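So the structure is just underneath, and the comments pick up after that.
The values are calculated or read from the model by the stated rules, or taken from the named source; none is laboratory data. The structure displayed is predicted, hence computed values, not measured ones. Every residue, glycine as well, gets a Cβ built from its backbone with ideal geometry; the counts of neighbours run over all protein chains shown.
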Amino acid sequence: MRATSGRREVALTFHGAGDPGLARQVLEVLARGDAAVTVLAVGTWLARYPGVARMVTDLGHELGNHTWSHQTMSKLSVSAQREEIVRCRDRIVALTGGPGAFFRQSAAQHATATQLTLAAAAGYPRVLSYDVDSLDYIDPGPEVVRRQLRSAKPGSVVSMHLGHQGTLAALPGVLTDLKNNQLRAVSATRLFAP
């Protein structure tokens with residue numbers, strides 16, 4: 001949920017779904033702004049647009065697992081939850097050669113004990129949560145997204161979404177605000193590195 005390294009870094013993490021053209025624009029703005037981010041991809045998005053996995057990594061960002069179909073995990077049986085994790089993992093492996101850096105459960109800020117166990121068994125010893133919610137998924141407008149991110153502190157993990165025009169519009173201001181607060185946007189792997 002938060003890193004405790006003391007470094008002036010935050011992880012911008014993105015729910016990977018939506019129009020691939022818009023996703024590319026978001027990821028390019030971030031790359032030009034010297035921001036590395038973590039995209040937690042939904043498996044059905046990767047299945048529909050297999051090129052997005054390489055797009056993420058080719059632009060210098062990190063890829064992770066955000067379940068196969070983005071259902072409310074806590075409402076699924078244990079076997080169905082396992083299938084959501086494993087099926088997305090297998091798709092990421094097929095596209096990139098590895099399972100992705102992190103798992104994040106869908107439709108909840110925090111993973112349950114069962115989800116932590118299932119993720120670990122699927123090869124994800126670390127499950128990523130967040131302490132700052134951009135609210136961009138409800139399309140509140142760029143200024144609201146920017147205001148939400150002003151609460152980010154060193155070590156924060158921010159939840160954002162690729163498939164929203166307001167997110168793209170907010171990013172230049174978000175990156176300026178981070179820079180003005182002497183915060184650097186890094187991948188989740190970098191944020192949690194010793």
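Suppose we filter T44, T72 for residues that are within 17 Å of I92 (Cα to Cα) and hydroxyl-bearing (S, T, Y); which single one remains?
T44
Right, H66: farther than 21 Å from L175 by Cα, touching a Cys at 6+ places or on another chain (Cβ under 8 Å) and either of a type in the set (A, V, I, L, M, F, W, C) or surrounded by 15 or more Cβ atoms within 10 Å (Cβ to Cβ) (or both) or not?
Answer is yes for this residue.
S79 - would you say it is in contact (Cβ under 8 Å) with a residue 24 or more places away in the chain, farther than 27 Å from L168 by Cβ, among the small types (G, A, S) and surrounded by fewer than 15 Cβ atoms within 10 Å (Cβ to Cβ)?
No: the conditions fail for S79.
Of the numbered conditions (1) polar (S, T, N, Q); (2) over 20 Å from A23 (Cβ atoms); (3) under 17 Å from the mean Cα position of the chain (by Cα); (4) in a helix (DSSP H, G or I), Q81 fails exactly one; give the number of that condition.
Of everything listed in (1) polar (S, T, N, Q); (2) over 20 Å from A23 (Cβ atoms); (3) under 17 Å from the mean Cα position of the chain (by Cα); (4) in a helix (DSSP H, G or I), Q81 misses just condition (3).
Need the failing condition index for D133 against (1) farther than 25 Å from S5 by Cα; (2) of a type in the set (D, E); (3) touching a residue at least 12 places away in the same chain (Cβ under 8 Å), just the number.
Of the numbered conditions (1) farther than 25 Å from S5 by Cα; (2) of a type in the set (D, E); (3) touching a residue at least 12 places away in the same chain (Cβ under 8 Å), the odd one out for D133 is (1).
Checking V93 against (1) free of Cβ contacts under 8 Å to residues at least 40 places away in the same chain; (2) surrounded by 15 or more Cβ atoms within 10 Å (Cβ to Cβ); (3) outside any loop (DSSP other than H, G, I, E, B), which test does it fail?
(2)
Answer yes if at least one residue in segment 187-194 is over 19 Å from H61 (Cα atoms) and hydroxyl-bearing (S, T, Y), and no otherwise.
no
Which of the residues spanning segment 136-157 are within 16 Å of the chain's Cα centre (by Cα) and either of a type in the set (K, R) or over 22 Å from P20 (Cβ atoms) (or both)?
L149, A152, G155, S156, V157
Criterion first (in contact (Cβ under 8 Å) with a residue 24 or more places away in the chain, over 22 Å from E28 (Cβ atoms) and not charged (D, E, K, R)) does V144 satisfy it?
Taking the combined requirement at face value, the residue does not satisfy it.
Inspect segment 159-171 for any residue being more than 16 Å from Y137 (Cα to Cα) and either at pLDDT 95 or above or among the polar types (S, T, N, Q) (or both) and give the result as yes or no.
Looking through segment 159-171, none of the residues is more than 16 Å from Y137 (Cα to Cα) and either at pLDDT 95 or above or among the polar types (S, T, N, Q) (or both).
Based on this model, can you work out whether R190 counts as farther than 20 Å from M1 by Cβ, modelled with pLDDT of 95 or more and not aromatic (F, W, Y)?
The answer is no for R190.
Need at least 2 residues that are on the phi > 0 side of the Ramachandran plot per element, so show me which helices (runs of 4 or more DSSP H) inside segment 1-76 make the cut, counting only ones lying wholly within it.
Hits in segment 1-76: none.
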